[in-house]
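Worksheet for the structure shown next.
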Amino acid sequence: MTTKALLDQELIRKTAGPGFIFVFSGKAMGFVANRHMECNSIADTRSVTSREPVDCIKFAPACMLFQCVVEQKLRAIRMRNLKIILAYDGSEFFGWQVQPDVATIQGTLASAIGRVTGEKVLPQGSGRTDAGVHALAQVATFATESPIPAQNLVKALNDILPPSIRVLEATGAPPEFHARKSARAKTYRYRMYRGAICPPSLARYVWHYPYPLDEDAMLRASGFVIGEHDFTSFAAVDSERGREDETISNVRQIFASTWERAEAELRYTVRGSGFLHHMVRNLVGTYVLVGKGTLKPEDLTDILAARKRSAAGATAPASGLYLVSVEY
């Protein structure tokens, strides 16, 4: 038997299920070589007990099935689950989720992975950021058979991706790890520029709001959302929800929620177990109403209890929102 056949035999012995390799149609068999061997046929097929040649034609259907199963098992062994961390400027993209005829983060990343690995994959993100929303550390996962080392993959992807998307890190992950389903907490930040004139270099990355606001009242209001609440009043209608047989719930737990000044910027940072579509931007829009005096800080309690989108403020612009981090 050739060296390749011996190696294939050992690999098959390690990958096939117990009792499957040597039993076909009730008879014990020796090794069934794959059709890529030099002879391009079944080779070295012998009866374990009698050592007499076995009719290859007779066992051809079983051998074809055998080869198919082994190829699937070998593919599963080669498959890796990779976790990547990426940052992006969302200004020129129509959000994360792939869409026909428009540029999206997911679609652009999938195209780059395909060019590097030769595979058709769709990376799964920790969440679907909206059009114009940015990320400092979005997390995505995808399965690949490519043997390219993770660090080399980072360089290869960044050579192909546009400058507005950067892969910061790539590491192997357990097969069951999923960027979205495995997430335990996320942190978002919203930036408002309070100066009279917004520098052009910041215009795409902040909400320019130079009008009077009671920032202390906004800070007090932000504390009312901490804890576990039903955030229906702050959720946009999302037609994609419930398509994966998941239980739909608008209950989320907020661990931290605060406003802070950073020179000419007023920044809102919120950390929670998860966030609904437009939830952070709707919170910011509501806090602005508090800052303007239209609402009082304690009105946040009534807005949460109402569970009606109309009870809360308008949606703040996407440009000021950043996904800061995802925790697992």
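The values are calculated or read from the model by the stated rules, or taken from the named source; none is laboratory data. Because the structure is a prediction, the values reported are computed rather than measured. Cβ atoms come from the backbone with ideal geometry, glycine included; neighbour counts cover every protein chain shown.
Below is a table of values for the structure above.
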| read-out | value |
| --- | --- |
| Any hit, segment 222-229, residues being in a helix (DSSP H, G or I) and aliphatic (A, V, I, L, M) | yes |
| Counted residues, segment 283-299 - those being of a type in the set (S, T, N, Q) and either crowded, with 22+ Cβ neighbours inside 10 Å or at pLDDT below 95 (or both) | 1 |
| Candidate set: segment 173-199, residues that are of a type in the set (Lys, Arg) and in a strand (DSSP E or B); chosen: the one farthest from the chain's Cα centre (by Cα) | Arg191 |
| Residue in segment 158-166 that is aliphatic (A, V, I, L, M), under 30 Å from Met279 (Cα atoms) and in contact with a Gly (Cβ under 9 Å, 6 or more places away or on another chain) present | no |
| Strands (runs of 3 or more DSSP E) within segment 250-328 that include 3 or more residues closer than 19 Å to His208 by Cβ and in contact (Cβ under 8 Å) with a residue 60 or more places away in the chain | 265-272 |
| Residues of segment 61-92 satisfying the condition of being modelled with pLDDT of 95 or more and part of a loop (DSSP other than H, G, I, E, B) | Asp89 |
| Top-ranked residue of segment 132-158 - restricted to ones that are aliphatic (A, V, I, L, M), surrounded by fewer than 19 Cβ atoms within 10 Å (Cβ to Cβ) and in contact (Cβ under 8 Å) with a residue 60 or more places away in the chain, ranked as farthest from Val280 (Cα to Cα) | Ala150 |
| The one condition in (1) within 23 Å of Pro175 (Cβ to Cβ); (2) β-branched (Val, Ile, Thr); (3) in contact with a strand residue (DSSP E or B) (Cβ under 6 Å, 6 or more places away or on another chain) that Ile113 fails to fulfil | (3) |
| Sole residue being surrounded by fewer than 19 Cβ atoms within 10 Å (Cβ to Cβ), in contact with a helix residue (DSSP H, G or I) (Cβ under 9 Å, 6 or more places away or on another chain) and more than 21 Å from Gly320 (Cα to Cα), chosen from Asp230, Asp214 | Asp230 |
| Answer residue from segment 85-115, given it is touching a helix residue (DSSP H, G or I) at 6+ places or on another chain (Cβ under 8 Å) and in contact (Cβ under 8 Å) with a residue 60 or more places away in the chain and is farthest from Leu157 (Cα to Cα) among those | Ser91 |
| Boolean, Leu202 is closer than 30 Å to Thr286 by Cα and either at pLDDT 95 or above or not in a loop (DSSP other than H, G, I, E, B) (or both) | yes |
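Results for (1) surrounded by 19 or more Cβ atoms within 10 Å (Cβ to Cβ); (2) part of a helix (DSSP H, G or I), shown as yes or no for each residue.
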site: Phe94; (1), (2): no, no
site: Gln106; (1), (2): yes, yes
site: Ser111; (1), (2): no, yes
site: Leu122; (1), (2): no, no
site: Arg128; (1), (2): no, no
